[in-house]
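Here's the structure, in structure tokens; my notes come after.
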Amino acid sequence: MRAFILAGGYATRLWPLTEKRAKPLLPIGGQPLITHLVHNIPDDLPVVVSTNAAFLEGFQDWETTVNRPNLVLMVEGSRSDSQKLGALGALSEWITQEAIDDDILLLTGDNYLGFSLKYFLTQYHKGIPLVAAYDIGDTRKASSFGTIITDPADPIKVTAFEEKPAEPKTTLISTGCSLLPREVLPVLVEYAASHSDNVGGIFEELLRQGMRVECFRFTEPWLDIGSFSSYLDAHRLVVGTHTLLDPSATLTDTIAEGSISVGKGSKVTGSHLTDCVIFENCVIEDCVLRNCIIDQHCSLKGVDLTEKMIRTGTVLTRS
């Protein structure tokens, strides 16, 4: 078995944070989101991280921090959203070029998974695709996601998928975690040729061809980091109601409430922070910040901000 992490998206909904940085490299609880994912993968599984040429340097820097000898980067040549292969296309290209004939643990690099992947693998029945489904517990909330319908007489058997249904039949929602047996890889390659960016669609295709697909249900924390609010939600989930201060950062004469993360080399003085993420090498002085994300190398003085994402290198000073 091998693990394959999809990390080649351009995440335009999170600009400016992801304008020059891959979404999986956003810090959560003091380390990149993808690091949490890699640390959850059993040590004996080889890991491939698929990204693009635009973010290659960032991933090369990240790779030196994870201390995992069996991890390799696969780089597609795209430098913009319009050029990309598509998530399923990238996976298909790897399978074809490397002549992969193993089971694949498929993960999306922008998901935070609260359950053990080691345990997930114990639920796999050889040769049967397995998808992880988060039980969100509320059909109204489920309507914002793709849902997974199972057979009442056989609760692990998937019978259908629905994309953001107006009236969900289930509280089980699709996540970025699945297991593809080697037996279905030819189907995946053929399907990807005309559906290069539809990862979830491969499981619908397997059902259409009469194959059995199984479901792993979990209620542990799960988040798909796709927006400003979901990024802050993930930050709160991992950090809790604490202040996470890098050893090289300083917090002086400052009130810190809720979930606070202050990155390497940043200095905060005489301020009031509530639920904020402050990246590396920022200077914050006499500010009130609530639910804010401050990118690296920013300088803020005397400003009052709520629910703002501040671009790298921004200088804001109250006149």
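Here, each number is a calculation from the coordinates, and none is a lab measurement. From a predicted model like this one, the values you see are computed outputs, not experimental measurements.
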Evaluate the relative contact order of the range 240-317 (contact order divided by residue number), counting alpha-carbon pairs under 8 angstrom at least 6 apart; express in whole percent.
20
XL table LYS118/LYS308; LYS20/LYS267; LYS20/LYS126; LYS20/LYS169; LYS126/LYS164; Cα-Cα > 32 Å flagged, in table order, is LYS118/LYS308; LYS20/LYS126; LYS20/LYS169
Rg/Rh of the range 139-252 (Cα atoms, Kirkwood Rh), to two decimals, equals 1.10
Using Cα pairs under 8 angstrom and six or more residues apart, how large is the relative contact order of the chain, in percent?
15
Here Rg/Rh (Cα, Kirkwood) for the range 22-143 equals 0.97
Indicate, rounded to the nearest 5 percent, the antiparallel portion of the DSSP beta bridges found entirely in the chain.
30
Would you calculate, for the chain, the mean residue ellipticity at 222 nm contributed by helices, counting each DSSP H stretch of 4 or more residues as -39,500 (n - 2.57) and dividing by all residues, to the nearest 500?
-6000 deg cm²/dmol
Express in % the proportion of alpha carbon pairs of the chain at distances exceeding 29 Å.
41
Among SER248, SER174, SER196: highest mean-square fluctuation, GNM of the chain, C-alpha pairs under 10 Å:
SER248
For the range 240-317, alpha-carbon Rg over 2.2 N^0.38 Å:
0.91
Please list the radius of gyration and Dmax for the range 100-142, considering alpha-carbon atoms only, with Å as the unit.
13.0, 41
